[in-house]
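Structure first, commentary second.
Please treat every number below as a calculation from the coordinates, not as lab data. Note that the structure is predicted; figures quoted are calculated from it, not measured. Using ideal geometry, Cβ is built from the backbone for each residue, glycine included, and neighbour counts are taken over all protein chains shown.
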Amino acid sequence: MDINLFIQDFIAVSNAYNTKIYLEKWHINAVLDDPSVGRVFRGHPGIKDYFESYFIGYKTQTRLVSLKVISENEAHIEVEFTGDFPEGKIGGTFDFTFREGKIAAAKADLIG
């Protein structure tokens, strides 16, 4: 798996608001922990709720700031979010763990 290409595609799909393809990037039993919203999202139903609420709902666009490949199945990214939320622009991070070519776990957070 080419993590760099995966992340580039993941962000492009996110910015296109394509829920179906976005969910295909996630393992069926994936877990997304986002302390900035105070919730853990489990499986495709949870990930779909997260994406539709915080990305589509706020018209969020994501720009990759940096990518660090930690191992063959782990990566850390820093991003910049813009959208219809109070700050208008804010930084964020994701720590990903991959399994079977998909995201198995992610920890997301906002940075000011």
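Among the listed values (i) 1.19; (ii) 1.07; (iii) 0.96, the one matching Cα Rg over 2.2 N^0.38 Å as calculated from this structure is (iii). A straight Cα-to-Cα reach below 19 Å connects Lys25 with the lysines Lys48, Lys68, Lys102, Lys107, residues fewer than 8 places away in its own chain not being considered. Rounded to the nearest 20, the Cβ-based charge dipole of the chain about its Cα centre (Lys and Arg +1, Asp and Glu -1) stands at 220 debye.
Suppose the chain between Asn18 and His76 were pulled fully straight at 0.36 nm per residue; how much longer would it get relative to their current alpha carbon spacing? Don't jump to the answer; show the numbers that get you there.
Working: separation 58, 0.36 × 58 = 20.88 nm, distance 2.29 nm.
Residue separation times 0.36 nm, minus the Cα-Cα distance, leaves 18.6 nm.
Here the residues Ser71, Ser36, ranked from fewest to most Cβ neighbours within 10 Å of their Cβ, fall in the order Ser71, Ser36.
Annotation for the stretch 97-112 versus the stretch 1-47: alpha-carbon center distance of 7 Å.
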